[in-house]
């Protein structure tokens, strides 16, 4: 079975996007070492991406070439007739069952790109295996959280941390060892 990895950056106060859904604030974090925070190595080891429709729409609105060509890309949506896109398969119904089928296929890891509603859906349905969270040294005070409410409380196992010279902290959590908090 393939692993689902939530690989995501968040502000110190837990926001992944500002109130307008923007992530431009990430560019305000100094990066004098020009590190990619392990992104290329991570990206090379995934075979598929899964994102919500809002995240997909944001990518399209940036008017850049689709960034995940060569991967199996899925967009989860409630829209019955989403637009056709040459690099994306839309999951429009039976979300849980279709995602479980994707996860059970042979192959490489799956990157859960987000957003918060989809992250929560995956969390509540025990579909996330690992979380790589990059805590950025910034406080946004408002916007979109990593997980939206309601979500199940979970205990996570911290497996590693790394501190970068610019204050970014990478934390990796294993969810295969968590237990629901009751």
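Descriptive notes on the structure:
- Selection count, region 116-150, where residues are in a loop (DSSP other than H, G, I, E, B) and under 17 Å from residue 13 (Cβ atoms): 11
- Among the numbered conditions (1) at pLDDT 95 or above; (2) closer than 30 Å to residue 27 by Cα, the only one that residue 115 does not meet is (1).
- Single residue of 68, 74 found to be closer than 15 Å to residue 112 by Cα, touching a helix residue (DSSP H, G or I) at 6+ places or on another chain (Cβ under 7 Å) and surrounded by 10 or more Cβ atoms within 10 Å (Cβ to Cβ): 74
- Search result, residues across region 57-88 that are modelled with pLDDT of 95 or more, over 17 Å from residue 107 (Cβ atoms) and outside any loop (DSSP other than H, G, I, E, B): 75, 76
- When region 39-61 is filtered for residues that are out of contact with any strand residue (DSSP E or B) (no Cβ under 7 Å at 6 or more places or on another chain) and within 25 Å of residue 168 (Cα to Cα), the ones remaining, listed by number, are 39, 40, 41, 43, 44, 58, 59.
- Residues (in a loop (DSSP other than H, G, I, E, B) and in contact with a helix residue (DSSP H, G or I) (Cβ under 7 Å, 6 or more places away or on another chain)) located in region 89-115: 115
- Cβ separations smaller than 6 Å between residues 6+ apart or across chains give the following pairs from region 21-46 residues that are loosely packed, with under 12 Cβ neighbours inside 10 Å to residues that are part of a loop (DSSP other than H, G, I, E, B): 30/166; 33/165.
The values are calculated or read from the model by the stated rules, or taken from the named source; none is laboratory data. Computed from a predicted structure; not experimentally measured. Every residue, glycine as well, gets a Cβ built from its backbone with ideal geometry; the counts of neighbours run over all protein chains shown.
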